[in-house]
Amino acid sequence: MVKVGLTGGIGAGKSEVSRLLASYGAVIVDADKIAREVVEPGTLGLAAVVEEFGADVLAPDGTLDRPKLGGIVFSDPGRLKALNAIVHPLVGARSAELEASAGPDAVVVHDVPLLTENGLAPLYDLVVVVDAAPQTQLDRLVRLRGMAEDEAKSRMAAQATREQRLAVADLVIDNDGPLEALEPQVHAVWERLRTA
């Protein structure tokens with residue numbers, strides 16, 4: 001088994017890289033997806049979030065109101081730390097379960113947005129960073145995701161810098177260009193991971 005950490009700043013295109021790797025046969029352990037699962041209604045995770053942040057972070061249907069919670073935590077590092085202290089251990093436990101269920105010859109790609117911020121690089125055999133210039137990230141967040149520019153900048157500022165991510169990278173995928181330029185790079189990385 002090869003354990004790979006995949007990371008990149010918000011709007012860098014990590015999700016597309018993850019999708020391509022999955023299409024080649026990688027086992028994807030998606031930390032964002034797991035982070036949503038561990039705070040679904042009826043979970044201990046959601047109960048802990050409500051206890052910490054109050055019932056105001058719930059939508060009328062009882063689900064977590066992510067935009068509201070995001071507005072709280074992305075403007076206050078202390079509140080973000082409190083949220084992470086609840087969610088990260090739950091995500092870590094579920095990720096370990098998924099990894100353990102992969103075969104011995106699998107390439108297991110852990111899609112972890114906060115890999116750099118949380119000092120997780122040593123947990124992986126290789127770290128792949130999807131890199132894009134901050135202006136490219138900002139443009140994608142505003143134009144493609146419909147975020148307000150201030151919100152996009154706030155989310156970007158809450159993450160590691162481009163330089164910090166690149167410092168932990170074993171392999172870098174440059175995603176500043178068009179989608180057509182991405183696939184050949186991802187395929188080359190896949191070939192490297194299969195023989196690692």
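The values are calculated or read from the model by the stated rules, or taken from the named source; none is laboratory data. What you see is a predicted model, and the numbers here were worked out from it, not measured in a lab. When we count neighbours, we look across all protein chains shown, and the Cβ atoms used for this are built from the backbone with ideal geometry, even at glycine. Ligands, DNA and RNA are excluded from the accessible area calculation, which covers all protein heavy atoms including side chains. Shrake-Rupley method; radii C 1.70, N 1.55, O 1.52, S 1.80 Å.
Some observations on this one:
- Label zone of His187 (point 7 Å out along Cα→Cβ, amide N under 18 Å): in region 93-114 this covers no residue at all.
- The modelled label-to-label distance between Glu149 and Arg36, using points 7 Å beyond Cα along the C-beta direction, is 2.9 nm.
- Zone of Ala102's modelled label, taken as backbone nitrogen in region 7-22 under 19 Å from a point 7 Å along Cα→Cβ: 7-8, 14-22
- Extending 7 Å from Cα along the Cβ direction at Ala47 and again at Thr161 yields two label points whose distance is 4.3 nm.
- Note on Arg194 and Asn84: their simple-model spin labels are 3.6 nm apart, each label 7 Å out from Cα toward Cβ.
- A 1.4 Å probe run over the protein chains yields, for the chain, 52 Å² of accessible area per residue, whole-number rounding.
- Rounded percent of accessible protein surface that carbon and sulfur make up, the chain, 1.4 Å probe: 54 percent
- Mean Cβ neighbour count within 10 Å, used as a protection proxy, ranking 87-96, 125-134 highest first: 125-134, 87-96
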